[in-house]
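The values are calculated or read from the model by the stated rules, or taken from the named source; none is laboratory data. Just so you know, these numbers come straight off a predicted model, no measurement behind them. Heads up, the Cβs are rebuilt from the backbone with ideal geometry, glycines too, and the neighbour counts pull from every protein chain shown. SASA here: full protein model, heavy atoms, side chains in, ligands and nucleic acids out. Shrake-Rupley method; radii C 1.70, N 1.55, O 1.52, S 1.80 Å.
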Amino acid sequence: MLDTHARKYVQPVIQKTADSLLKVGLSANQVTVLSFIIGTSSGVLVYFGFPWAAVIALWLSGYLDAVDGSMARATKTSPFGTVMDVTFDRIVEISVILGVAFLLPDILWAALLLMASIVVSMTIFLTVGNVSENNGVKSFRYQAGLAERTEGFIFLTALMIFQDYALWIMLAFFAVEVFTAGQRFVEAKRLLS
């Protein structure tokens, strides 16, 4: 929801960073890999007791993830770049969930529910993107929903910082993901009927 509605306000800053990185010779795919490395470190950092460093790594990774898309659109998008971007995004999210789950093994069951809901929501998202016409600026059809990447980052941040409430945060995140999957499924029915 925030990605869809707030992007226009932060896009000038994102574009300025994208233009600067292109000027120094970096490609969108290189920034995607950098974002991935920084982002996956967040799960390791939270596990080893550095939650604030993990949060900084997560949000820097998310920012670079937005920048790489702007870089790709300013140059030439590549289908493999899209695959790499979407795959690495999920691995970053998984790294945080695993870092918290390994740190707090009593809530492993909630982490499994959360990851299952993300798999279902992303399956619908990617399948609809594959079988429907793309009329947006991204390289695939983007299905908005209650839980987009920024909302996920807010939940992941809360998980890392407020570990005493991690179970309830995970269950709330799970509920939002299930709702989003339902939204996307209903939209898919409307679009593809």
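Odds and ends about this structure:
- Here the relative contact order of the chain, from alpha carbon pairs under 8 Å that lie six or more residues apart, stands at 25 percent.
- Overall Cα dimensions of the range 1-108, principal axis frame, Å, largest first: 46, 28, 25
- Lys/Arg +1, Asp/Glu -1 at C-beta; the chain dipole; positive extreme among Ala172, Ser42, Thr17: Thr17
- As a rough guide to protection, the peptides 85-95, 55-65, 179-189 ranked by mean Cβ packing within 10 Å, highest first, stand as 55-65, 85-95, 179-189.
- Diffusion constant of the range 9-50 at 25 °C, which comes from Stokes-Einstein with the Kirkwood Cα-pair radius and 0.890 mPa s, µm²/s: 206
- Calculated from backbone phi, Karplus (6.51, -1.76, 1.60) coupling profile of the range 116-132 in Hz, x at Gly/Pro: 4, 5, 5, 4, 5, 4, 6, 4, 4, 4, 6, 5, 4, x, 7, 9, 10
- In the chain, a dipole from Cβ-located charges (positive for Lys and Arg, negative for Asp and Glu) runs towards its positive end, and of Gly81, Ser117, Phe162 it is Gly81 whose Cα lies farthest in that direction.
- Whole-Å distance, taken between Cα centres, linking the range 166-189 and the range 72-92: 24
- MRE, 222 nm, helices only [DSSP H, n ≥ 4, -39500 (n - 2.57), over the chain, to nearest 500]: -28000 deg cm²/dmol
- Fraction of accessible area attributable to carbon and sulfur, the chain (%, probe 1.4 Å): 71
- Value of Rg to Rh for the range 55-193 (Rh from inverse mean 1/r over Cα pairs, i.e. Kirkwood): 0.99
- Couplings 3J(HN,Hα) for the range 171-185, derived from phi with the Karplus relation 6.51 cos²θ - 1.76 cosθ + 1.60 (θ = phi - 60°), are 5, 5, 4, 4, 4, 5, 5, 5, 4, 4, 4, x, 4, 5, 5 Hz, where x marks Gly and Pro.
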